[in-house]
Amino acid sequence: MKHVIIISFLFFVSCEGWGWQPVDSDHDSTLNIFGLIVSEPDSSYGYIYVHQSLNLQDPENILISSDTVYFGPGPNDFYINYEYRSGFTVLDAQVTISNHEKEWVFANKSNYDWGMYETKYVDTSGTFQPQPGETYSLRVETDDGRMAQGSVTVPLRPNIREEFVQDTLSNRTPYSIPFDAVEDDGTFRLKTKAIYGNYACGANQVHLIADRTDTVWTSQVSDCSNSWWDEGEYEDAIQLEVLLESMDSHYYDYFIEYGNKNEFISFIMGSEGATGRSFGIEGGYGVFGAIATDKIERIFVP
């Protein structure tokens with residue numbers, strides 16, 4: 001049975017994590033947009049990060065507040081807790097996403113972690129439910145007159161042929177995951193990983209489906225003879241997630257074609273993307289991309 005996909009993102013990002021550094025001369029500050037639309041079998045959503053470049057004199061971190069925290073009776077039993085927000089973050093943007101029928105206003109939502117506030121823009125009405133095959137337009141405006149915009153078409157949903165996937169998979173012999181061929185301009189990527197905090201040798205694999213005519217992925221058997229854990233420590237069967245993603249061209253180009261080809265990391269960790277380029281964005285840097293997904297779960301034996 002197919003399950004709802006829950007994609008979690010780590011919402012603290014340092015200034016350097018976005019790939020931006022202050023410039024050493026005066027210039028017009030440029031918007032840097034990271035936008036993603038996700039279409040899952042039973043859930044769809046989107047979010048936008050709005051950042052900017054800085055001049056040399058602009059602070060990278062802006063102090064919001066400080067608080068003295070006491071942990072003992074002694075005169076030195078305290079520390080000062082500082083809370084900052086990134087100077088790269090744009091807090092006053094007006095962000096909208098629209099299709100041919102409706103417009104959604106995305107509101108600023110801040111998240112605090114590790115002494116830093118990070119801000120993203122999300123739909124708070126609960127009505128933004130992007131659909132595969134639909135085209136969506138993004139518009140970002142700031143109070144000082146800057147504007148960036150873009151559009152993206154959500155890929156058609158991929159389909160894992162679940163009925164042909166055996167109930168128990170193993171690292172001991174290769175196993176195959178069949179799926180329907182891509183029907184649009186999306187690029188497939190198949191990932192397997194242990195879930196619920198478990199670990200098993202050979203469980204985590206990632207494969208880009210480069211040939212558009214491919215309809216079967218076969219796993220690689222991992223050599224676990226030199227693993228760091230004690231013999232028998234991770235031999236129990238676990239739950240395995242099999243995820244098939246279809247990426248639109250903006251998403252693919254930013255992170256894979258012109259980003260780090262050796263390791264695909266979280267979307268919001270923009271330093272691994274094509275920093276200084278624009279994909280699906282006009283009037284700024286960054287990316288406005290989309291993915292559609294399918295997922296199944298199986299038992300995995302190391």
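The values are calculated or read from the model by the stated rules, or taken from the named source; none is laboratory data. The model shown is predicted, which means the values in this text are computed figures rather than measured ones. Cβ coordinates were reconstructed from backbone atoms using ideal geometry, including for glycine residues, and neighbour counts include every protein chain displayed.
For the reader, a short list of remarks on this structure follows.
- Residue count, segment 216-226 (criterion: closer than 20 Å to residue 182 by Cβ and exposed (fewer than 15 other Cβ atoms within 10 Å of the Cβ)): 2
- Within segment 178-212, tally of residues that are under 21 Å from residue 250 (Cα atoms) and not in a strand (DSSP E or B): 9
- Enumeration of residues in segment 93-114 that are over 16 Å from residue 142 (Cα atoms), at pLDDT 95 or above and in contact with an Asp or Glu (Cβ under 8 Å, 6 or more places away or on another chain): 99, 104
- The set of residues in segment 191-214 being among the hydroxyl-bearing types (Ser, Thr, Tyr), surrounded by fewer than 16 Cβ atoms within 10 Å (Cβ to Cβ) and touching a residue at least 40 places away in the same chain (Cβ under 8 Å) consists of 196 alone.
- All positions within segment 170-188 that are at pLDDT below 95, crowded, with 17+ Cβ neighbours inside 10 Å and not polar (S, T, N, Q): 182, 186
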